[in-house]
1. Given H placed on each backbone N at 1.01 Å, which residues far from residue 355 in sequence or on other chains put an amide H within less than 5 Å of it?
2. In nm, to one decimal, how far is the residue 593 label point from the residue 610 one, both placed 7 Å along Cα→Cβ?
3. In the chain, what percentage of the DSSP-assigned beta bridges are antiparallel, given to the nearest 5?
4. Across bins of 10 angstrom width beginning at 0, how are the C-alpha pair distances of the stretch 420-507 distributed, in whole percent?
5. To the nearest 10 square angstrom, how much accessible area does residue 169 have with a 1.4 angstrom probe?
6. Determine the per residue accessible area of the chain with all protein chains present and a 1.4 angstrom probe, expressed in square angstrom.
7. So how do 247-253, 369-375, 175-181 stack up, highest first, on mean other-Cβ count within 10 Å?
8. Roughly how much of residue 402 is accessible, in Å² to the nearest 10, using a 1.4 Å probe?
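The values are calculated or read from the model by the stated rules, or taken from the named source; none is laboratory data. No experiment lies behind these values; they were computed from the predicted model shown. Here Cβ is always computed from backbone atoms with ideal geometry, including for glycine, and neighbour counts include all displayed protein chains. To get the accessible areas, we keep the full protein, side chains included, count just its heavy atoms, and leave off ligands, DNA and RNA. Shrake-Rupley method; radii C 1.70, N 1.55, O 1.52, S 1.80 Å.
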Amino acid sequence: MPKLSVGPRTIPPSLALPRPHLPPTVLESVARAASEGLTTDGLRFVGRDETDRFFGWDEVYDRAVRAGAALAAAGVRPGDRVALVLPTDPLFIDAFLGVLAAGAVPAPLYPPVRLGRLEEYHARTAAMLRACGASAIIADARCRRILGETVRRAPTRLGVIAAEDLHRHAPAPPVAREADDLALVQFSSGTTVAPKPVGLTHSQVLANTDAIVDFMPLVARDQDGSPYDPVGVSWLPLYHDMGLIGCLFVALRRPGPLALIAPEDFLYRPALWLRTISRLRGTVSPAPNFAYALCVERIRDEELDGVDLSSWRLALNGAEPVSPAVLRRFLRRFAQWGLRESALTPVYGLSEAALAVTFSDPWRPFRSRYFSRAALAQGRAEEIAPPRGVGSPEAERDPRTIELSSVGRPLRSFGVEVRDRDGTVLPPERLGRIWARGPSLMHGYLDREEQPIVDGWLDTGDLGFIYQGDLFIHGRAKDVIILRGANHSPQDIEIAVDCVEGTRAGCAAAVSELGEDGERLVLFVEYREPRPELAEDCRRAVLGATGLDPALVVLLAPGTLPRTSSGKIRRAETLVQWHEGSLRPPDAVTPWLLAGALAKSALGYLRARKGTAE
């Protein structure tokens, strides 16, 4: 039975670092970081104006045990599940670690940042509160003003606890927990179904964190063996596994310094991310593919005056499909500021495995290959030479080929297999469903009878294949577009319109539906600037890049496409809403809308107290 395993080139033995005995729980890891950390180790919160607030690990731990005592006094019991509705802020750290100190289980949820989508937010957040069985909600003042309607729909035993008051309580010894106790509830992305609660133990979360740290010896040493100080920089939301486990937990497990930027500040000013990496000499900073495209599109040269990106060793790219063309454009755009070609590192993971499953090799350029579209449509991976060479405009527009990026090989103790629909393991170069296993794989969805784990393996729902020992991803099984008996990945179609003038990069959804003449391709595209020829230009771009001719191109106002909490587009939901006539842009955020939302929230709190929740 062929299996994909870590090759010897992943971690050169000469760079492997000894690992000390590590604490078995997350909070004990914070205590260790507090006792061993240097004065520069800890969390640095970077403001939009590039001012910093620094908290050493010792202060982080002190605030955590104070918060734990405050939560216990408020009625939080060991084993309770507590929802966190907080932005990237010291209060999030207080609340998350405080819940652990109280012996309870944190469940981070996304805050109400899309004010034009509040009805959708209330419905989805209430569903997640019910799904995880939350006993309480911790929120800051801004979020509390909006949450009343959510609380009405999903009341909790302890209501909403103010995050601002947690660290002001007198400290108390934390409740002891074991490695196999539940440490965290995080939700699957929910692109094709409702988000599902993933319960992870301390041992599972830390197994993934330690595998990431073990993979990255360059966090402490360069390729030539010379040491340097590791510094993490992240704008990823802390309610998402990539920001929480991949950044915060990795930083405290080393331990080391981590700079945190609010996601909304990055979106407002993408240059802040690169300027912070330069100013703090950041070495590791991850982001999804859209962020690299956004930087190319939005950052102006004058914003990077004095910037030096040469310290950036790992620019991890995950959480959504990796576009080799976007990575090349990012490299060409920022190489003059010292960006290393070897820094760009595609990765693959999922919330059901805590976070990471495979990483590309460090110290070498990312690896991509051109494959035959026709062969992939029939389930085979056949590499073909592109016209004019890799990365050329001719190659990117050639409808016969598709360029895919390797996402590397599994981390230590992880495994990956590609199987057919019946569960039979497929040989290399055959397209199928990706199955994964490892020490951080969840035991199952929380409080659910249906469980996807089979003999220790998880069907990820992703499609891919193994080629020359590396894993390549080719979309989600439930998103596959079937036209004339051939399978096509929607991402390939959507990427084709990113460069069309007037469209918004990363804001397209390709779906298929059954029409009078069989399956037809429908493309939804958000515009930046509407113009009469835009729909036809998008159709031609798709036809030229993929050989597929959309039967219909639907142009949408910015922000119309429905998304998950992590920003992924919900394609099936887009089609359903379009047919129902409910696919509309967000409501304009006006003083009247805000006043109405606040009034509805206040009424929601009142009804929840009176027990009139739905």
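1. 350
2. 2.9
3. Numbers: 56 of 86 bridges.
Bridges in the chain that DSSP calls antiparallel: roughly 65 percent.
4. In whole percents, the pair-distance histogram is 14, 34, 31, 17, 4.
5. Taking all protein chains as shown, residue 169 has close to 70 Å².
6. So the chain comes to 40 Å² accessible per residue, rounded to a whole number.
7. Top of the packing list down: 247-253, 369-375, 175-181.
8. The accessible area comes out at roughly 10 Å².
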